[in-house]
Amino acid sequence: ARSLLGEASGAILAQFSKGIATRDVVTLFGLVRAQVEEGNDLLEVTRDLVSHMRDVYTARVAGTAPELFDCPPENIPALGEEASCFETSDRLARILTVLDDAAIEMRNASDPRLVLEIALTRLSRPESDLTLEALAEACPADGVQRCSILDALGERRPTSLEAGPLRSANAQPTDTIP
């Protein structure tokens, strides 16, 4: 009945969620292709995915209390399991933002499939997305590795040996200290 109404099934939405969590672009593109081949409206699929990911986000940040969800109680444990597949609630918040932006853009797009695939790529490969949110996601949260926005952008910074005091363009080096 859900497919007759144009709504994506919970199983399909869970597959999208798992693909995003594992950053599996091939699976995600395959899921999009299957939706197109079935004749489903990708804007509706995206809206359903936003709603589903909102439930996953809720499970991540607030737990699985039944009163927090609009789905049948038997679906809630699966949402909790999906939520545990994501590193942080911030990543889920970014996913919601990117998917919601894609849904808005899809309303006027000549190729809604392309908009959705680009959004899914941005979510799966944050290093290819140069927004501050994506760069923050690409940086490790545990502090073991050093990462900064400049590192993520690939810019070279001077080392402490190369860096010196700032001088004006007309300043001349001096050999003596006054």
(request) Could you please put R47, R33, R122 in sequence from largest to smallest accessible area, using a 1.4 Å probe? (result) R33, R47, R122
(request) Leaving ligands, DNA and RNA out of it, work out the accessible area of E117 with a 1.4 Å probe and give it in Å² to the nearest 10. (result) 30
(message) Apply the a/c threshold of 1.5 to the C-alpha gyration tensor of the range 1-70 and tell me whether it is rounded, prolate or oblate.
(response) oblate
(request) Roll a 1.4 Å probe over the protein heavy atoms and report the accessible area of S51 in Å², nearest 10. (result) 60
(request) Could you please put I104, I95 in sequence from largest to smallest accessible area, using a 1.4 Å probe? (result) I104, I95
(request) With a 1.4 Å probe and every protein chain left in place, tell me how much accessible area T58 has, in Å² to the nearest 10. (result) 20
(message) Below 13 angstrom from the Cβ of P73, what's the summed charge of the other residues (Lys, Arg +1; Asp, Glu -1)?
(response) -4
(request) In nm, give the distance between the simple-model label positions of A93 and A34, each being 7 Å from the Cα along the Cα-to-Cβ direction. (result) 3.2
(message) Could you tell me how many cubic angstrom of Cα convex hull volume the range 56-107 has per residue?
(response) 86
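The values are calculated or read from the model by the stated rules, or taken from the named source; none is laboratory data. These figures come from a predicted structure and were not determined experimentally. Every residue, glycine among them, receives a Cβ derived from its backbone with ideal geometry; neighbour counts consider all protein chains shown. Note: areas computed on protein heavy atoms with side chains; ligands, DNA, RNA excluded. Shrake-Rupley method; radii C 1.70, N 1.55, O 1.52, S 1.80 Å.
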